[in-house]
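Peer 1: The structure is given below, and queries will be raised subsequently.
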Amino acid sequence: MRPASDAERARLNDTFATLCRIASPFGQERECSERVQAELRGMRIEAEEDAPGNLLARLPGRGERSILLCAHLDTVDDGGVPIDPVIVDGGWENANDGILGADNKAAVAVILELARRCSVEGSPVGLELLFTTGEENALEGAKEFDASKLQSDFGYVFDHATPIGEVVTASPTYFRLAAEFHGRAAHAGIRPEAGRSAILAAAQAIAHMPLGRIDEQTTANVGSIQGGAGSTNIVPERCSLLAETRSLDPSRVEDVVSGMVDAIHDGAAYAECDVDVVSERLFIGYRQKPSAPAIVAAEAALRACGYEPKRIVTGGGSDANVLEAGGFTCVNLANGTERNHEPTERVAVAALEGMLDVAFALLDEAAAV
């Protein structure tokens, strides 16, 4: 398939900006979903919607093979900051001090523009287009999607905030931990001995957890701690924390979870508090063979567009984790977005347009592999 025309590039940028203006933090994707469905209907493509709000649409191809293209409709919490996309130094940014939403609306816009051409000119392969909800909430939408509906041989997500050319071949297993410490309140100046500080218990636990970069494949973090009564003269009887750990080595991450749970219980014992702990595996890691057809096709498409493929491992998760865990081969391709989840998030116009060319080339290479 030929590279994008000037008209397609202009429309791609317009669609991207329009989508970014629609606030869609996870759990609030409805307006964005309706816009995507309206765009598809304008191409005479109907999407079926499941209970969580995932959208699945199909286009026939000239050959027998079909591939999946997947993107998520939601963003992280925008903090209520309006999104006003503007181009600064050749890249899209939010004019306000907040996220842009390029994660993952850059991919949504690319898939819509690709679908527009294919709906008119046809495609060398059949296409399944999946737009998920709740990706930023531990891949919630993909987990509830019935992957048995998919008819494709393999698929792709464009959801890694690194330069175009990088191909994710391994992703981690991820655990989240929540701990609620229960102490005993007492007057901090008159009867501190009668109190049992839940904050002390949490602090002791955190101090003895394995945290940060544990090894080349493993990380752990405490991301939130809350407690106390809002006053300094009360020994705090409640404190909670949220933590995570992830690793490319599934046995290693379970060892780290055990160490973090032990530290939580030891911290509670030190401060003579009770504690409730919940640990949950939110997604499973995967590794892909370089010889897999989905990888071979992706790398050929990247080379055809002037990008040198580079296989990488990541510490992040994507909808590919869920699809892979369900037995469906799905490759995550970097799409050139930058600083996702941050107020300085951006995507270069060249990267946005470059991914459209990669997507077009991907159809040819997927048909030929």
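Peer 1: Quickly run through the stretch 157-190 and pick out the residues that are open to solvent by less than 50 Å² (accessible area, probe 1.4 Å) and not hydrophobic (A, V, I, L, M, F, W, C).
Peer 2: Across the stretch 157-190, the qualifying residues are 159, 160, 162, 165, 166, 169, 171, 172, 173, 174, 182, 183.
Peer 1: How many of the residues making up the stretch 224-241 are more than 17 Å from residue 272 (Cα to Cα) and at pLDDT 95 or above?
Peer 2: Within the stretch 224-241, residues that are more than 17 Å from residue 272 (Cα to Cα) and at pLDDT 95 or above number 6.
Peer 1: Here's a follow-up. Evaluate the following for residue 357: is it open to solvent by 40 Å² or more (accessible area, probe 1.4 Å), closer than 25 Å to residue 16 by Cβ and assigned to a helix (DSSP H, G or I)? Walk me through it before giving the result.
Peer 2: On the way: open to solvent by 40 Å² or more (accessible area, probe 1.4 Å): no; closer than 25 Å to residue 16 by Cβ: yes; assigned to a helix (DSSP H, G or I): yes.
For residue 357, the condition - open to solvent by 40 Å² or more (accessible area, probe 1.4 Å), closer than 25 Å to residue 16 by Cβ and assigned to a helix (DSSP H, G or I) - is not met.
Peer 1: Can you tell me which of 193, 254 is surrounded by fewer than 17 Cβ atoms within 10 Å (Cβ to Cβ), within 30 Å of residue 325 (Cα to Cα) and of a type outside the set (Gly, Ala, Ser)?
Peer 2: Numbers: 193 fails: within 30 Å of residue 325 (Cα to Cα).
Criteria check complete, one pass: 254.
Peer 1: Same structure again: State whether one or more residues within the stretch 220-234 are buried (at least 20 other Cβ atoms within 10 Å of the Cβ), in contact (Cβ under 8 Å) with a residue 12 or more places away in the chain and hydroxyl-bearing (Ser, Thr, Tyr).
Peer 2: For the stretch 220-234, residues buried (at least 20 other Cβ atoms within 10 Å of the Cβ), in contact (Cβ under 8 Å) with a residue 12 or more places away in the chain and hydroxyl-bearing (Ser, Thr, Tyr): absent.
Peer 1: Right, next: Go over the candidates 199, 214, 206 one by one and state the one that is in a strand (DSSP E or B), buried (at least 17 other Cβ atoms within 10 Å of the Cβ) and in contact (Cβ under 8 Å) with a residue 40 or more places away in the chain.
Peer 2: 214
Peer 1: Which one of these is on the phi > 0 side of the Ramachandran plot and crowded, with 18+ Cβ neighbours inside 10 Å: 317, 336, 306?
Peer 2: 336
Peer 1: Tell me the residue from 103, 84 that is acidic (Asp, Glu), open to solvent by 10 Å² or more (accessible area, probe 1.4 Å) and under 29 Å from residue 3 (Cβ atoms), please. Explain how you work it out, then say what you get.
Peer 2: Values: 84 fails: under 29 Å from residue 3 (Cβ atoms).
Residue meeting the stated conditions: 103.
Peer 1: Could you grab me the full set of residues in the stretch 235-251 that are more than 26 Å from residue 183 (Cα to Cα), open to solvent by 40 Å² or more (accessible area, probe 1.4 Å) and either assigned to a strand (DSSP E or B) or in contact with a Cys (Cβ under 7 Å, 6 or more places away or on another chain) (or both)?
Peer 2: Scanning the stretch 235-251 gives a single hit, 246.
Peer 1: Let me ask something else. Go through the stretch 281-331 and count every residue that is part of a strand (DSSP E or B) and of a type in the set (Ser, Thr, Tyr).
Peer 2: Of the residues in that region, 1 qualify.
The values are calculated or read from the model by the stated rules, or taken from the named source; none is laboratory data. Computed from a predicted structure; not experimentally measured. Because the Cβ atoms are built from the backbone with ideal geometry, glycine has one as well, and the counts that use them run over all protein chains shown. To get the accessible areas, we keep the full protein, side chains included, count just its heavy atoms, and leave off ligands, DNA and RNA. Shrake-Rupley method; radii C 1.70, N 1.55, O 1.52, S 1.80 Å.
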